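The values are calculated or read from the model by the stated rules, or taken from the named source; none is laboratory data. What you are looking at is a predicted structure, and each value in this text was computed from that prediction instead of being measured. Virtual Cβ from ideal backbone geometry, glycine too; neighbours counted across all protein chains shown.
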Amino acid sequence: TQQALVEDSVLCEYSSVERHGKVMQSIIGPNSNIAEGEVTSCLVGPFVGFHHQALLIGVVWPEGKGNIAYGCNCGSNHTGKAPDQEFWPGEGLFLGLGVNVKFPGSFVEAPYSMVATGVSLLPQKVEYPFSLILDPANRPDGIPQGFNEIIPAWVLSNNLFAVKRNEKKFRDRDRSIRAQFDHRIFRKEIVEWMLRAITRLESVDRLEIYTEKHIQGIGKNFMRESIRSKAVEAYRFHVEFYALEGLFLRALEKGSLSTTVLKRRSASPEWEFQRNLIKEFTGPRDPKSALEKYLEMLRQIAREVEFSKARDDERGQKIIPDYQDHHILAHDHPFVSAFREEVEQVEDQVFDLLEDYPQT
């Protein structure tokens, strides 16, 4: 009844093709859904949402965890000689309504980035995680036609609701048995790319407008100085939070907060990575003050999760007369409420760890 077409393809466990979707000569990863659109000669990873008429041809996307909106055209544009290589979206990429992607391209080192409605992407490589690429409202002098504007770390500073909710969605929707996934968005590999982004953004000579001639990895886009400084701040905040969360989880696992936990080398690669980050980003703190800072930052994240959803509500209420009668507002949103409860639970756990910490 779904009238889907699947030819010469592999559908992994709990993946599906429905509502006239077409999949040809492709591999579809676990927990991904293809509906209405066409996927040809692609490797599509897990947890990809593809629910509307769109096109993917020659896409290599083993990381998955992204979304394809209606009207997105991500297919080989022939040069007259041969198909133009391929496109690597990278983990968590969101391609918005009507986006056109010209090959070749790579967002592998820009995980969880978003491409806004109607943008045409020139062939490029982008290396800034959690970025937004959009058609600029005003184009600075000297910027070539076809270049878009990039805002590194925009997703972290403006859309934390989506980031945190996506982690929960990956956990809740994972029905696979054979494949094992790390549902965390903030983990060592992602954080290492954030660190590289920080290094490039901090080491540049200051200008009002940057292109790839000035900063590696921003692709066929331009970036403003005001954006650069905000991006550094957002990246540094979330790298530090990731490291401090490692301290909290380490103490929770051991059942107590050791006075020497930040001094001792560890056999755990991720905790050793986090321990060194704490020394670099947080400074010479004792474990107690570091854990207190973790709690302070967690509360800030909870506020920003609610605020990023509330901003949408505010816009809706200004435009739609009965918006609040038919939409759940941020404070009462099920995910916001659940996240708030998680924070309260962590607060109790942190207080217990601090209560048992040796007094000096």
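Within the stretch 160-177, does at least one residue satisfy the condition of being loosely packed, with under 14 Cβ neighbours inside 10 Å and free of Cβ contacts under 8 Å to residues at least 12 places away in the same chain? Within the stretch 160-177, one or more residues are loosely packed, with under 14 Cβ neighbours inside 10 Å and free of Cβ contacts under 8 Å to residues at least 12 places away in the same chain. Quick one: is GLU292 farther than 27 Å from SER203 by Cα, in contact (Cβ under 8 Å) with a residue 40 or more places away in the chain, under 20 Å from the mean Cα position of the chain (by Cα) and in the same structural domain as GLN349 (by TED's automatic domain parsing)? No; evaluated as a whole, the condition is false for this residue. Scanning for something within 23 Å of the chain's Cα centre (by Cα) and either buried (at least 18 other Cβ atoms within 10 Å of the Cβ) or under 21 Å from LEU134 (Cα atoms) (or both), does the stretch 76-85 turn up at least one residue? Looking through the stretch 76-85, none of the residues is within 23 Å of the chain's Cα centre (by Cα) and either buried (at least 18 other Cβ atoms within 10 Å of the Cβ) or under 21 Å from LEU134 (Cα atoms) (or both). Where strands (runs of 3 or more DSSP E) fall wholly inside the stretch 7-51, no range has 1 or more residues that are hydrophobic (A, V, I, L, M, F, W, C), surrounded by fewer than 18 Cβ atoms within 10 Å (Cβ to Cβ) and modelled with pLDDT under 95. Of all residues being of a type in the set (D, E, K, R) and part of a loop (DSSP other than H, G, I, E, B) in the stretch 139-151, which is farthest from MET194 (Cα to Cα)? Just the residue, please. Filtering the stretch 139-151 for residues that are of a type in the set (D, E, K, R) and part of a loop (DSSP other than H, G, I, E, B), the one farthest from MET194 (Cα to Cα) comes out as ASP141. Residues in the stretch 233-253 that are aliphatic (A, V, I, L, M) and surrounded by fewer than 18 Cβ atoms within 10 Å (Cβ to Cβ) were compared, and the one that is nearest to LEU207 (Cα to Cα) is LEU249. Note on the stretch 197-237: among residues that are free of Cβ contacts under 8 Å to residues at least 24 places away in the same chain, part of a helix (DSSP H, G or I) and of a type in the set (Ser, Thr, Tyr), the one that is nearest to ASN148 (Cα to Cα) is SER226.
Among the residues of the stretch 96-118, which ones are β-branched (Val, Ile, Thr) and within 27 Å of LEU195 (Cβ to Cβ)?
VAL108, VAL115
Just checking, does the stretch 247-257 include any residue being modelled with pLDDT of 95 or more, in contact with a Ser or Thr (Cβ under 9 Å, 6 or more places away or on another chain), not charged (D, E, K, R) and not assigned by TED's automatic domain parsing to the domain that holds PHE335? No, there is no match, as no residue in the stretch 247-257 is modelled with pLDDT of 95 or more, in contact with a Ser or Thr (Cβ under 9 Å, 6 or more places away or on another chain), not charged (D, E, K, R) and not assigned by TED's automatic domain parsing to the domain that holds PHE335.
Of the residues making up the stretch 124-138, those that are part of a loop (DSSP other than H, G, I, E, B) and over 14 Å from the mean Cα position of the chain (by Cα) are ASP135, PRO136, ALA137, ASN138.
Residues in the stretch 340-360 that are within 26 Å of the chain's Cα centre (by Cα) and either loosely packed, with under 10 Cβ neighbours inside 10 Å or not aliphatic (A, V, I, L, M) (or both): ARG340, GLU341, GLU342, GLU344, GLN345, GLU347.
Listed here are the residues, each with its yes/no results for (1) free of Cβ contacts under 8 Å to residues at least 40 places away in the same chain; (2) under 20 Å from ARG19 (Cβ atoms); (3) touching a strand residue (DSSP E or B) at 6+ places or on another chain (Cβ under 6 Å).
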| site | (1), (2), (3) |
| --- | --- |
| PRO46 | no, no, no |
| HIS51 | yes, yes, yes |
| GLN85 | yes, no, no |
| GLU91 | no, no, no |
| PRO104 | yes, no, no |
